[in-house]
Amino acid sequence: MAEPRKPWAGSTRRETLPRGWARLRRQVIRRDGGQCTTKYSDGRRCELPGTDVDHVIPHSLGGSDDMDNLALLCPFHHRAKSSSEGGTAAALTRVSVHRKPSTHPALDD
């Protein structure tokens, strides 16, 4: 039987968490009532249990570890948000190659 995957395996993120993260995480869970804080377009709140404390504005974009920058998300919404942020970050570092538009050989002089 295969060894279960450990979520933090290979990640250095744990090393960058602030001192007292466990206490801060408990405070966010208590504040948000243990429920995902994602709101749908019709104003309803996701009903799934929140398990992941997320930085609303990520550290990479200048976000802090203050309570007003932390929100509780369910695993589905946390993955979706993290994936979106990763795609945006990759796009910012991608080198864009602009080529001169080619013309049809019959139009060249």
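The values are calculated or read from the model by the stated rules, or taken from the named source; none is laboratory data. Bear in mind that the values here come from a model prediction, so they are computed numbers and not experimental data. Glycine also receives a Cβ, built like all others from the backbone with ideal geometry; neighbour counts cover every protein chain displayed.
In table form, for the structure just shown:
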| read-out | value |
| --- | --- |
| Qualifying residue in the stretch 77-100 (condition: in contact with an Asp or Glu (Cβ under 9 Å, 6 or more places away or on another chain), in contact (Cβ under 8 Å) with a residue 40 or more places away in the chain, surrounded by 13 or more Cβ atoms within 10 Å (Cβ to Cβ) and closer than 19 Å to ARG13 by Cβ) | yes |
| Considering residues of the stretch 12-22 that are over 19 Å from the mean Cα position of the chain (by Cα) and exposed (fewer than 10 other Cβ atoms within 10 Å of the Cβ) only, the residue nearest to LEU70 (Cα to Cα) | ALA22 |
| Matching residues in the stretch 24-61 - criterion: being assigned to a helix (DSSP H, G or I) and within 14 Å of the chain's Cα centre (by Cα) | HIS59, SER60, LEU61 |
| Flag if GLY63 is in contact (Cβ under 8 Å) with a residue 12 or more places away in the chain and closer than 27 Å to THR16 by Cβ | no |
| Among the residues listed as ARG79, ARG19, ARG30, ARG44, the single one being of a type outside the set (Val, Ile, Thr) and at pLDDT below 90 | ARG19 |
| Tally of residues being among the charged types (D, E, K, R) and touching a Gly at 6+ places or on another chain (Cβ under 9 Å) across the stretch 32-64 | 1 |
